[in-house]
1. From the set of residues in the range 125-158 that are surrounded by 22 or more Cβ atoms within 10 Å (Cβ to Cβ) and among the hydroxyl-bearing types (Ser, Thr, Tyr), which is farthest from Asn189 (Cα to Cα)?
2. Of the residues Ala475, Ala501, which is surrounded by 19 or more Cβ atoms within 10 Å (Cβ to Cβ) and either of a type in the set (Asp, Glu) or at pLDDT 95 or above (or both)?
3. Can you pull out the residues in the range 104-126 that are in contact (Cβ under 8 Å) with a residue 40 or more places away in the chain, more than 21 Å from Phe221 (Cα to Cα) and in contact with a Phe, Trp or Tyr (Cβ under 8 Å, 6 or more places away or on another chain)?
4. Within the range 161-178, how many residues turn out to be surrounded by 21 or more Cβ atoms within 10 Å (Cβ to Cβ), over 17 Å from Val193 (Cα atoms) and in contact with a Phe, Trp or Tyr (Cβ under 8 Å, 6 or more places away or on another chain)?
5. Inside the range 225-237, can you point out the residues that are over 28 Å from Ala492 (Cβ atoms) and either buried (at least 23 other Cβ atoms within 10 Å of the Cβ) or not hydrophobic (A, V, I, L, M, F, W, C) (or both)?
6. Between a residue in the range 205-227 that is of a type in the set (Asp, Glu) and any residue that is assigned to a helix (DSSP H, G or I), which pairs come within a Cβ distance under 8 Å, given they are 6 or more apart or on different chains?
7. Among the candidates Val382, Val426, Val344, single out the residue that is closer than 27 Å to Gly509 by Cβ, modelled with pLDDT of 95 or more and not hydroxyl-bearing (Ser, Thr, Tyr).
8. Residues being part of a loop (DSSP other than H, G, I, E, B) and surrounded by fewer than 18 Cβ atoms within 10 Å (Cβ to Cβ): count how many of those fall in the range 436-445.
Amino acid sequence: MRSLLLLPVLSVLLLAQTPVVDSRNFKTPGTDTVFAMPEYRTLAEWEKRREHLRKQILTAAGLYPMPEKPPMGTLVFGKIENRDYSVEKVAIETMPGYWLGGNLYRPLGKPGRHPAVASPHGHWNYGRLEHQQLASVPARAINLARLGFVVMTYDMVGYTDTIQTPHAFGDEPRDIAWNFGPLPLQLWNSIRVVDFLQTLPDVDPGQIGATGASGGGTQTFLLAAVDPRVKFSAPVNMISSIMQGGSPCENAPGLRIDANNMELGAMMAPRPMIMVAATGDWTKNTPSVEYPALKHIYELYDAAARLEMKQIDAPHNYNQQSREEVYRFFARTILNNPNAEKIVERSPRIEKLGDMLVWHARSLPPGALDFDGVRQAWQKLVGAPVKDAALAKERLQLALAAEWPARVDQPGEFLSRAGRGDHVPVTVLGSGKPTRLVVHPDGMEAARAAAQEWVKAGETVVLIDAFQTGSAKAARNRDQRHFLTFNKSDDAERVQDILTALRWMESKGVTSPKLNGIGKAGVWAVFAAAVAPVKVDVAKPEAFEGADFLVPGLERVGGLELGIVTK
């Protein structure tokens, strides 16, 4: 009996001795993590989240706010007319000196304006010209044109005619700081394809759609998520809870922080969309997992009938059966075709490669940039200063993926944002209201000596071990593919920990806290003060070394200078 009575006491002692574990070190999601769709009970709740996700996607792509669009050079030539459709070569100068290649398919014998479809391709060997049993980009474009759609098929970066960059790049710190990579460039190209389609005299500018499979499916739902001009869509074999996309063109730093493809795909609601899945890839669970999750979002809009789903018994594909499901959906919902369910694919005529390739037997236009020139043009495009102070502050907050916590708990000698699982060791020197926060790159024990001068002056000082400093140093699982797509950098987490501590001080009645960052921590402090919603008296840091502070998009939004200006 005595032993039994001691059990609760021993349990408490063991719990007290259990080392604190910060979830940010072991809950590090990646592209193959199994995700669940968050529950949204009301339309207002979802639309608030949807707006945040839209800004998050654009931020990861370097496009928030949307840059001023430069004049767009276009080349349309080499027209081939068949009995009921035509095909032409197209090149679009999406930014000065940078050219996107594609083909334009148009109906013949159908006067008037037509709905149009932007059609990105997946990672097939021949890109937009792939024609084989599992996937044929020309077949879907030809058959959609025969139905009455104008279709633009266009390249991924580094494919076919779009050759001024490779397909995989952007992992250098200088490029991460400028959001320069394949996903940002491809999303920008997709937006410019919509711009181009709206200029065509035979296109109804209010009826633009998109469809693609695999990496083209990712591009389809990302474009639809950020561009309301996309009125109907068919992302094929890509909205998944168990695989988020394996290529650099589907993953940019910051893109899926606390998010996954189900949420990003659901941003299409309430516009018409068909989800096409396959039994032999990562969309194998779509009927029971992803489709019900997205259908709930459509139900919030009372628009469940606008979402459809078909699963094909096949490996990863955009095969004839999948294409026919898309033809029927587009014909039924957009063309109001009474015979939509009878539509079957007609055999396409596949043209010679030389008749489809834009740069076959010709050079890129004068002024076309090399890779470094494209990098510089991108920086000029997305790096224009923002004059509105509130917008500048918001851009910085989005780049840092920082939040002002609704509540900070203090379970023992650490701070934690409610429901987040983060643990920030904390010490308070003094007995009064905490008025000053001191942060050191080596942790709070290293900060203690500097803090004594303020303690002697009568202040109560807060010290923390910011992420991966002092006692908070721990192994962090960085083995996930595309780590920064799903996880914040150490430096961004350090800024967050300072914000968490400042929010805790506010809960103790401090209205204008003082903040001192020592050494490199001075940079963390400036950025935390810059995005905090309360006035923070922060000391100016020492010289900023960009290589010592890695946050995606930081240079694009203004770097340290912006932090000092907006604080």
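The values are calculated or read from the model by the stated rules, or taken from the named source; none is laboratory data. Since this is a predicted model, take the numbers as computed values, not measurements. Every residue, glycine among them, receives a Cβ derived from its backbone with ideal geometry; neighbour counts consider all protein chains shown.
1. It comes out as Ser136.
2. Numbers: Ala475 fails: surrounded by 19 or more Cβ atoms within 10 Å (Cβ to Cβ).
So the residue among Ala475, Ala501 that is surrounded by 19 or more Cβ atoms within 10 Å (Cβ to Cβ) and either of a type in the set (Asp, Glu) or at pLDDT 95 or above (or both) is Ala501.
3. Result: Tyr105, Arg106, Pro107, His114.
4. From the range 161-178, those surrounded by 21 or more Cβ atoms within 10 Å (Cβ to Cβ) are 161-162, 165, 170, 176-178; that's our starting set.
Filter once more, so that each one left must be over 17 Å from Val193 (Cα atoms): 165, 170, 176-178.
Among the residues that remain, those that are also in contact with a Phe, Trp or Tyr (Cβ under 8 Å, 6 or more places away or on another chain) are: 165, 170, 178.
Residues in the range 161-178 being surrounded by 21 or more Cβ atoms within 10 Å (Cβ to Cβ), over 17 Å from Val193 (Cα atoms) and in contact with a Phe, Trp or Tyr (Cβ under 8 Å, 6 or more places away or on another chain): 3 in total.
5. If we filter the range 225-237 for residues that are over 28 Å from Ala492 (Cβ atoms), which is where we start, we get 228-237.
Result: Pro228, Arg229, Val230, Lys231, Ser233, Ala234, Pro235, Val236, Asn237.
6. If the second residue must be assigned to a helix (DSSP H, G or I), the pairs left are Asp227/Ser190; Asp227/Ile191; Asp227/Val194.
7. Numbers: Val382 fails: closer than 27 Å to Gly509 by Cβ; Val344 fails: closer than 27 Å to Gly509 by Cβ.
Answer to the check: Val426.
8. From the range 436-445, those part of a loop (DSSP other than H, G, I, E, B) are 440-443; that's our starting set.
In the following step, the residues that additionally are surrounded by fewer than 18 Cβ atoms within 10 Å (Cβ to Cβ) were identified as 442.
Selection size over the range 436-445: 1.
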